[in-house]
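Please treat every number below as a calculation from the coordinates, not as lab data. Because the structure is predicted, anything quoted here is derived from the model rather than measured. Here the Cβ positions follow ideal geometry from the backbone for every residue, glycine too, while neighbour counts run over all protein chains shown.
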Amino acid sequence: MRKKLLLLLTTLVLALNVVACGNKGDETYGGYTTESYNALTQLYMNYAVNLDEKEYDQATEYFVNYGLSQLGDAEAVKNAGLPDFLATSFVGFDQLMESYKECKDVKVGEFVKFEDVTVEKSGKTITATLISNFTERNLKTTFVFKANDVNAGPTAIDVEPVYTLGETMSKAGLNTIMGILIVFTMLVIMSGVIKCFEIIPKLEKRAKDKKEGKTAANEVVVPAAAPVAQAKNETDDLQLIAVIAAAIAASTGASTDSFVVRSIKKR
């Protein structure tokens, strides 16, 4: 029992030592630290927040083509711990501004501050998410980079409003109600179509019977023609039999009662 307890205690100590080895202090994403992404995303959003609506086209063209001229050259950008592309251009700045202008329609209010950026790496993609605090509604800005080529700039930038839990649940409830209504509406329509498949054949049969009844009433029936012709044929046959029987009796000298003519074959 003592050996088992000692083995269990040793195993726990080794497990704690393995956990203590983990350290994320020096972790980088594509060669840049979280602080670099924090400065980069805040730099982008700072220009977007302070950009005048009237100067949008001119300012966007400037930032996209010329980058951070106030930093001087690529060496200054490198010393600031920012990606090299900022010395020549603001990659994706026009996309950022288009997305930001759409979000301003929800009345975000006045800018307050930036929160710390959150950086995640998934496969060959790095995602940096920055929350910007405004007086009425916060905005979430997402920057997407290639893990193996961060210096090429962000491949996508998106700005969207941050909704509260109550607003999210309200929208989810409305979507659920709409989905249920659509499903029940389609079920009612399908039931009506199936019912039509039962009613249509009955209506067709009723119309057909009605049409046949009118046709039968309009037809002219001549029942006497066939019996008259048949009676006439029978009378002619009886006369012919009598003539033949008389001829046989005359030629043989026998009485007509001594034989019976059963059939006559005409040639």
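What the Kirkwood sum gives for the stretch 97-151 is a hydrodynamic radius of 12.5 Å, with every pair of different alpha carbons counted.
Each residue of the stretch 131-140 was assigned a 3J(HN,Hα) from its phi angle through the Karplus expression (A = 6.51, B = -1.76, C = 1.60, θ = phi - 60°), giving 9, 9, 8, 10, 5, 9, 7, 6, 10, 10 Hz with x at Gly and Pro.
To the nearest 0.05, how large is the calculated FRET efficiency for CYS196 and GLU136 if R₀ is 45 Å and r is the Cβ-Cβ distance? Result of the calculation: an efficiency of 0.25. Here the label points at VAL188 and LEU9, each 7 Å from Cα along the C-beta direction, are separated by 7.5 nm in the simple model. Pairs from the list LYS113/LYS146; LYS113/LYS140; LYS107/LYS140; LYS121/LYS146 with a Cα-Cα gap above 21 Å: LYS113/LYS146. Each Lys or Arg adds one and each Asp or Glu subtracts one; over the other residues with Cβ under 12 Å from the Cβ of ASN133, this totals -1.
Karplus-based coupling profile of the stretch 147-159, in residue order and whole Hz: 4, 8, 7, 5, 5, 6, x, x, 7, 7, 9, 9, 10, with θ = phi - 60° in 6.51 cos²θ - 1.76 cosθ + 1.60 and x standing for Gly or Pro.
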